[in-house]
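Each reported figure results from applying straightforward, stated rules to the coordinates on display, with no laboratory input. Given the structure is predicted, the values throughout are model-derived calculations rather than measurements. Because the Cβ atoms are built from the backbone with ideal geometry, glycine has one as well, and the counts that use them run over all protein chains shown.
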Amino acid sequence: MIRTSYSFKLARTKLRSKRGILVTSIIVASLLFAALIATVVVFSGAEKSASEFIKKAGNDRYLVKTSPNIPYEKLSFLLIPSLADIREIKSFEKVYYQELREKYKSLGLQYDEKSEVPALEPYVYADKTLPEEQRVRVNLQSPVIQEMDERKFEEYYKTATNKLSNLKEAGAKYGASGYSIVDKNSGLPNIPGLRLIQNNKEDISDLGLKSGDSTSYGYYTNAIHNGMYGFTDQKNLSRYLLTTDTENLEGIPVIVSAQEAASLFGNEVGVGEEPDAPAEKKTWLKNVQSKLNKHIYQVCYRNSVEQALLDKIQRDFAEMKNNEGNKEYEKPSLTYNYPEGACDGITIKEDTRTVTEKQSEAKLEETQKKLGTYVAPEHKLLTFQIVGVKYAQPYLDYTKGINEYLKSLLVSQNSPMNIDIPIQMYNSLPDTLKFDDVVKQQAKSGTVLQRAFENEDFAMRVLEFTNVEDARSFLNKETCPASETDCDKAFIGDPYGSNYLILDEISKLFNKVVTIAFPAALGLAAIIIWFTISRIMAENRKETAVYRAMGAKRRDVTGIYIVYIFLVALQIAMVSVILGLAAAFTIDYFYGNALTDTAVTAFGIIDDAPRFSLFSIDSPLLLIVVASIFLISFIASIQPLIRNVRRSPIHDMREE
Amino acid sequence: MTENPNNKIKDFISHYDGDLLKAHAALDDYFSRQKAVVISSPSPSPLTNTDDKIISLENVFKKYKLGKQTIEALSDVSLSIYNGEFVAITGVSGSGKSTLLQMIGCLDKPTSGTVIIENKVTTKLSDNALSELRQKSIGFIFQSFYLQPFLRLSDNLAVPAMFTSEKKEVINSKVERLLQQVGLSERAKHFPKELSGGQIQRAAIARALINNPRIILADEPTGNLDSANSNSIIELFRNIRETLGTTIVVVTHDAEIARQADRVIVLKDGKIA
């Protein structure tokens with residue numbers, strides 16, 4: 001048997017024959033494998049970097065935000081009710097008003113139910129083929145429906161299997177802990193019940209919610225304006241908190257979106273709007289943090305009666321203006337002044353009411369007091385103090401480019417609409433700064449679902465898991481994502497804080513790419529190598545025949561060609577690795593820093609943020625790719641090699 | 001009884017105290033005086049020791065299929081070649097001389113008949129055993145030389161020895177000696193393209209000798225050479241045969257080679273004429 005060193009010597013000479021075709025083949029095969037190597041390196045880097053950011057964002061905890069999955073129809077009626085619902089509502093309505101009449105009667109009053117909004121109202125767009133009885137829709141403002149909703153909720157609550165105790169039972173299977181409250185309705189009303197005071201002014205004409213866009217991002221970056229506040233456990237907010245000092249709090253502690261804070265208060269402290277360039281965002285965010293930390297702002301709470309009075313002032317003003325010069329027009333007997341200063345009270349402008357009118361109104365007030373339905377006009381100046389800022393994550397917005405898209409992948413998509421009030425910090429406030437009295441008046445505001453979530457048993461909670469596998473298993477087996485419309489599980493759950501499931505997504509995408517690209521590259525490379533080796537062996541047939549004439553055994557010839565194939569594979573491997581790493585390095589060079597900026601803002605990790613590198617050579621797959629270059633080279637060479645050594649040397653020499 | 005040329009060579013070398021050049025000159029003179037008339041015969045010349053048969057073909061037929069046609073390249077060829085003989089095989093193109101050479105070289109097997117090389121019936125040997133026989137006993141010289149273009153001359157000479165797994169040092173010393181013998185020592189590090197036709201053929205002959213074979217088979221060794229180089233090659237063959245006692249079988253059209261051979265076998269239509 002030929003010595004290996006001699007095989008190398010003879011094989012090396014073959015590398016110089018058919019150089020053109022060999023070099024071309026090596027380059028083409030190398031490009032295929034280089035693309036594969038670059039993919040592996042870039043994906044591994046992305047996975048590793050995402051993992052590092054996720055770990056930092058969650059302090060090595062994997063958080064899941066849950067809420068009970070309560071089907072709406074269990075708590076209220078659908079807007080277009082079924083026949084059974086219609087009959088149920090009608091029957092309840094009858095009893096409800098009967099009881100109310102009796103209650104009035106017992107107080108010596110007469111009740112006129114015609115003054116109430118009906119529970120069912122005609123629905124003009126209803127299917128005309130339906131019997132008239134069914135051509136109605138539910139009036140959610142009706143006290144009858146509200147009462148029925150209350151009772152439905154009480155009924156549901158009794159048998160519900162998605163309370164906190166059930167959640168704890170489900171979470172225990174995966175080692176969950178925490179169960180801290182998140183995004184719990186503060187009970188504060190939205191605008192116009194709550195209005196921001198800016199430059200000592202309260203813009204009474206500003207009545208509606210601002211969304212900016214139709215996503216939660218839009219609401220979140222207008223949450224101060226809209227008056228959207230929610231309670232969240234302090235430990236879920238730790239990475240946004242700029243201070244935890246409760247001794248010197250001068251207002252209700254809040255974590256607001258950096259974008260809105262900069263937009264509303266930036267001029268006062270010298271902070272501009274959010275820059276577009278990702279590289280500048282980190283500096284901007286740091287600036288927002290330092291300049292707006294402990295910043296105080298005020299809002300004015302006005303209850304529904306005061307809001308009604310403000311409406312009346314406006315209506316009266318318009319009415320009087322329209323009737324200027326009209327001698328037959330009678331001015332309203334009681335008119336009011338707009339509040340003089342921000343969050344000032346409403347004062348009477350002119351009172352020309354007759355004695356009878358005054359008596360009638362006094363009687364109405366007295367009746368309401370007896371029934372417990374009287375509400376006096378009220379307002380309160382609320383003071384908030386910024387204790388943290390959060391970078392508001394835009395919802396999946398592909399139009400804003402790759403950075404925004406990646407950011408939306410990196411962070412969880414359940415961005416809140418509420419400004420966060422850290423519960424523990426709020427609880428430490430003196431009563432004068434709290435808004436509990438306001439909340440009492442607002443007890444019945446909001447939708448029935450919102451009210452349900454105010455119940456401790458149904459509140460949204462954050463569960464903590466020690467590893468991504470437990471978090472993933474819990475999410476998969478016990479919850480449905482919020483985006484799923486037909487959920488058959490007891491809870492709705494999504495990753496919280498950061499989208500650590502992006503690791504799964506990266507892996508899935510990576511696997512998808514690799515399962516397609518890997519066999520494709522191998523197949524193509526095999527064809528190229530097969531073709532090249534076949535051509536080179538054909539080219540060297542006479543030489544092989546000469547070797548055989550000189551006494552080379554078939555295994556000697558095989559040995560020489562195996563070494564030759566090894567040398568070819570080695571060249572492909574070397575070129576592939578060099579090109580692949582160079583490509584990955586280039587991708588990392590051009591995108592790594594931008595992604596780091598993106599990840600920094602996405603995860604809110606500003607200090608000690610690692611670099612989001614797209615270059616990692618840790619993956620064992622890299623070795624597999626390199627090994628497969630050798631393997632596929634040998635596999636592709638088997639057929640031409642067997643054919644070559646089986647040939648008669650004399651046949652090849654005769655071709656001379 | 002004819003004198004064994006091997007014994008004669010040994011006598012001459014010993015007479016000249018190992019001085020090969022002098023021994024060579026004396027031998028040259030001796031053999032030129034002893035040269036028999038060239039005849040076409042499967043039988044040995046009268047000078048040959050017929051007890052020392054090295055190659056033997058008995059009723060060898062070789063048929064090829066060419067489409068539907070069967071071509072008889074060799075037809076009932078029987079011959080014997082003896083140790084130390086210098087035999088030329090001649091004949092017109094297509095007469096079967098190259099096929100005969102390949103049979104002797106164990107590169108091809110007869111359709112029927114027996115080929116015996118060094119007392120081994122080649123038809124009964126495995127592919128490996130045939131390779132081994134070629135490796136140890138036969139040296140080939142091809143018309144196209146087949147030197148590896150990307151190997152230096154010294155490495156080219158070493159190729160047949162590489163298949164014997166001999167140590168590098170042993171191979172190197174053999175190569176050095178052979179290069180010296182064929183007068184190419186100074187060309188050891190050159191590539192074939194840097195050599196003349198004559199030098200290349202001499203290198204090819206040296207390569208055939210690297211494993212000390214008992215038989216040299218040469219296919220038109222002077223076919224690509226001018227007359228000066230051809231003479232030099234013939235001289236080299238004679239030298240080898242005379243100094244080493246190697247059996248030389250040459251397929252040739254070259255009348256000068258045929259004239260210098262101990263015996264000429266003429267083939268016609270696959271038969272010995």
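Label-to-label distance, A:ASP488 versus B:HIS190, with points set 7 angstrom from Cα along the beta-carbon direction: 8.9 nm. Beta bridges assigned by DSSP with both partners in the protein assembly as shown are antiparallel in approximately 65 percent of cases.
Counting Cβ atoms of other protein chains within 10 Å of each Cβ in B:207-213 and taking the mean gives 1. Fewest-first ordering of A:VAL439, B:VAL77 by other beta carbons within 10 Å of each residue's beta carbon gives A:VAL439, B:VAL77.
Full extension of the chain between A:GLU99 and A:MET1 gives 24.4 nm of extra length, using 0.36 nm per residue less the Cα-Cα distance.
Please state the relative contact order of the stretch A:73-159 as a whole percent: Cα pairs under 8 Å, 6+ residues apart? Rounded, it is 40 percent for the stretch A:73-159.
May I ask you to sort A:SER238, B:SER93 by Cβ crowding, counting other Cβ atoms within 10 Å and putting the fewest first? Don't skip to the end; give the middle numbers.
Details: A:SER238 12, B:SER93 7.
Ordered from fewest to most neighbouring Cβ atoms within 10 Å, A:SER238, B:SER93 come out as B:SER93, A:SER238.
Between A:LEU83 and A:GLU155, what's the calculated FRET efficiency when r is the beta-carbon distance and R0 is 22 Å? Round to 0.05. Before the final figure, lay out each step's value.
Values: r = 21 Å, r/R0 = 0.94.
Computed FRET efficiency for A:LEU83 and A:GLU155: 0.60.
Of all trypsin sites (Lys or Arg not before Pro) in the stretch B:51-110, which ones are in loop regions per DSSP and have a Cβ with at most 10 other Cβ atoms within 10 Å? Intermediate results must be reported in sequence, preceding the final value.
Numbers: sites: B:LYS53, B:LYS62, B:LYS63, B:LYS65, B:LYS68, B:LYS97; in loops: B:LYS68.
When the trypsin sites (Lys or Arg not before Pro) of the stretch B:51-110 are filtered for loop state and at most 10 Cβ neighbours within 10 Å, B:LYS68 remain.
Straight-line reach from A:LYS358: taking Cα to Cα under 21 Å and skipping same-chain neighbours fewer than 8 places apart, the lysines in range are A:LYS312, A:LYS331, A:LYS349, A:LYS369, A:LYS370.
What FRET efficiency would be calculated for the residue pair B:HIS253, B:SER78, taking the C-beta separation as r and a Förster radius of 22 Å, to the nearest 0.05? Spell out each step's value before the answer.
Values: r = 24 Å, r/R0 = 1.08.
About 0.40, to the nearest 0.05.
From most to least packed by mean Cβ count within 10 Å, the peptides B:111-122, A:175-186 give A:175-186, B:111-122. Among residues other than A:THR232 with Cβ under 11 Å from its Cβ, the summed charge is +2 (Lys and Arg +1, Asp and Glu -1). Contact order for the stretch A:305-371, expressed relative to its length and based on alpha carbon pairs under 8 Å spaced 6+ residues apart, stands at 24 percent.
Order these by the 10 Å Cβ neighbour count, fewest first: B:HIS253, A:HIS379.
B:HIS253, A:HIS379
Loop-located GluC sites (Glu not before Pro) in the stretch A:264-329 (DSSP state other than H, G, I, E, B) with a sparse environment of at most 11 neighbouring Cβ atoms within 10 Å: A:GLU273, A:GLU324, A:GLU328. Taking 22 Å as the straight-line reach from the Cα of B:LYS65, the lysines in range (excluding those fewer than 8 positions away in the same chain) are A:LYS542, B:LYS97, B:LYS109, B:LYS268, B:LYS271. Each peptide in A:352-359, A:420-427 was scored by the mean count of other Cβ atoms within 10 Å over its residues; highest first, the order is A:420-427, A:352-359.
If I take R0 = 30 Å and measure r between the Cβ atoms of A:TYR125 and A:LYS74 in this structure, what FRET efficiency does the formula 1/(1 + (r/R0)^6) give, to the nearest 0.05? Show your work: numbers first, answer last.
Details: r = 26 Å, r/R0 = 0.87.
After rounding, the FRET efficiency stands at 0.70.
What chymotrypsin sites (Phe, Trp or Tyr not before Pro) in the stretch A:83-134 are in a loop by DSSP, with at most 11 other Cβ atoms within 10 Å of the Cβ?
Answer by residue number: A:TYR125.
In the stretch A:305-371, the ratio of gyration radius to Kirkwood radius, Rg to Rh, stands at 1.03 when only Cα atoms are counted.
So for chain A, averaging the separation of alpha carbon pairs under 8 Å that are six or more residues apart and normalising by length, what relative contact order in percent results? If you can, show how the numbers build up before the last one.
Numbers: 1008 pairs, mean separation 191.5, N = 656.
The value is 29 percent.
Add -39500 (n - 2.57) for each DSSP H run of 4 or more in chain A, then divide by its residues: what number comes out at 222 nm, to the nearest 500 deg cm²/dmol?
Numbers: 22 runs with 344 residues, N = 656.
About -17500 deg cm²/dmol.
Just subtract the alpha-carbon distance of A:ARG353 and A:LYS235 from 0.36 nm times their residue separation and send over the number in nm, one decimal.
36.8 nm is the gain from fully extending A:ARG353 to A:LYS235.
Neighbouring Cβ atoms from other chains, within 10 Å of the Cβ of residues in B:141-152, number 4 on average. When each of the peptides A:250-256, A:159-165 is scored by the mean number of other C-beta atoms lying within 10 Å of its residues, the order from highest to lowest reads A:250-256, A:159-165.
Answer rounded, prolate or oblate for the protein assembly as shown, using the Cα gyration tensor with square roots of eigenvalues a ≥ b ≥ c: rounded when a/c is under 1.5, else prolate when a/b is larger than b/c, else oblate. Walk me through the numbers on the way to the answer.
Details: a/c = 5.15, a/b = 3.81, b/c = 1.35.
Taking the square roots of the gyration eigenvalues as a ≥ b ≥ c, the protein assembly as shown is prolate.
Here the spin labels are modelled as points 7 Å beyond Cα on the Cα-Cβ line, and at B:ARG177 and B:SER93 they lie 4.1 nm apart.
Mean per-residue shielding of peptide A:1-10 is 4, counting Cβ atoms of other chains within 10 Å of each Cβ. Here the label points at A:PHE590 and A:ALA318, each 7 Å from Cα along the C-beta direction, are separated by 5.8 nm in the simple model.
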